[in-house]
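The values are calculated or read from the model by the stated rules, or taken from the named source; none is laboratory data. The shown structure was predicted, so the numbers you read here are calculated from the model rather than taken from an experiment. Backbone-built Cβ (ideal geometry, glycine too); neighbour counts: all protein chains shown. Please note that ligands, DNA and RNA were not included when accessible areas were found on the heavy atoms of the full protein model with its side chains. Shrake-Rupley method; radii C 1.70, N 1.55, O 1.52, S 1.80 Å.
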Amino acid sequence: MGQSSIKETQLDPNQPSHDPQFTQYLEEQCKTFSNKNYISKTQFDNIFSKLQHFNIIPLQDYPLGDKLFQIMSKENGIQVDDFIHNVKQLAQSKEKRILYSFKIIGKNGKIQQQDFLKYLQEVWIKAFDQLQENLVIQNIRFDAQLLNQWVKKSMPDLQTHGSGLFKKFDKQKNYWDEYNFKEYCETGNFLDVTAQYENIRIQIPLTLIKFRR
């Protein structure tokens, strides 16, 4: 394999992390929720819930958030300084968002098809779980059993679609390297999963590309 196709790019001055208010707010939330030196998963979720003030996506509600925490975390959680640095990089750099997304889905420097399909299924189930929660909150009548049956019956079609998408970019290698994954991300196609019932719509991103709403 050649050199990584994912490299550092110039920072975008229009991104929120270049706003002194964003940096100050992020640091304040870390002081409020962290245990001085480390951030736990619960604290991670609390901080990202507050960052929605700057239109950062609610990672605490997505499988992406769970996996991002695992990547950033050490034995006792995420060091506060590392967390602030990483969040600012994610807000500043599309290339960083692609790189972290690649690490989230893949293993050992590549994404195998089975790993992509497993992740796709996880996000699919999460989207419909959140859909049902929203239907209950808004007192919309629905048959939970029938909805769950439909979700299960739709799995083969989801897997077929995911397999076709994977093969489109794998260059007959049966895996994605960073270059293949970047191609997939930059197409803008199928970067999230949508679950909908009547007028209630839940959309969960598969990658960190859309870090801001």
Problem - Filter pass, Leu120 being open to solvent by less than 20 Å² (accessible area, probe 1.4 Å) and either within 19 Å of Leu51 (Cα to Cα) or not polar (S, T, N, Q) (or both) - result: yes
Problem - Residue match in segment 68-76 (condition: farther than 22 Å from Lys210 by Cβ, of a type in the set (Asp, Glu), part of a helix (DSSP H, G or I) and open to solvent by 10 Å² or more (accessible area, probe 1.4 Å)) - result: no
Practice task
Residue by residue through segment 131-164, note down the ones that are open to solvent by 30 Å² or more (accessible area, probe 1.4 Å), closer than 27 Å to Lys67 by Cα and touching a residue at least 40 places away in the same chain (Cβ under 8 Å).
Solution key: Asn134, Gln159
Exercise for the section: Would you point out the residue of segment 128-180, among those that are of a type outside the set (S, T, N, Q) and assigned to a loop (DSSP other than H, G, I, E, B), that is nearest to Phe190 (Cα to Cα)? Expected result: Asp170
Completion exercise
Residue pairs within 8 Å by beta carbon, gap of at least six or interchain, first lying in segment 25-43 and within 13 Å of Phe69 (Cβ to Cβ), second surrounded by 16 or more Cβ atoms within 10 Å (Cβ to Cβ) and small (Gly, Ala, Ser), listed first then second, are Tyr38/Gly77; Ile39/Gly77; Ser40/Gly77; Lys41/Ser73; Lys41/Gly77; Gln43/Ser34; Gln43/Gly77
Exercise for the section: Please find, within segment 181-211, the residue that is most open to solvent (accessible area, probe 1.4 Å) out of those that are under 21 Å from Val87 (Cα atoms) and in a loop (DSSP other than H, G, I, E, B). Expected result: Lys210
Exercise for the section: Scan segment 51-67 and give yes if some residue there is open to solvent by 90 Å² or more (accessible area, probe 1.4 Å), modelled with pLDDT of 95 or more and closer than 23 Å to Gln121 by Cα, otherwise no. Expected result: no
Handout entry: Among (1) β-branched (Val, Ile, Thr); (2) open to solvent by less than 20 Å² (accessible area, probe 1.4 Å); (3) more than 12 Å from the chain's Cα centre (by Cα) - the single one Ile84 does not satisfy
Key = (2)
Completion exercise
The lone condition Gly109 fails out of (1) open to solvent by less than 100 Å² (accessible area, probe 1.4 Å); (2) at pLDDT 95 or above; (3) not hydroxyl-bearing (Ser, Thr, Tyr) is (2)
Practice task
Look at Asp115 and say whether it is acidic (Asp, Glu), touching a strand residue (DSSP E or B) at 6+ places or on another chain (Cβ under 7 Å) and open to solvent by 10 Å² or more (accessible area, probe 1.4 Å).
Solution key: yes
Handout entry: Sole residue being outside any loop (DSSP other than H, G, I, E, B), touching a helix residue (DSSP H, G or I) at 6+ places or on another chain (Cβ under 8 Å) and modelled with pLDDT under 90, chosen from Ser17, Ser101
Key = Ser17
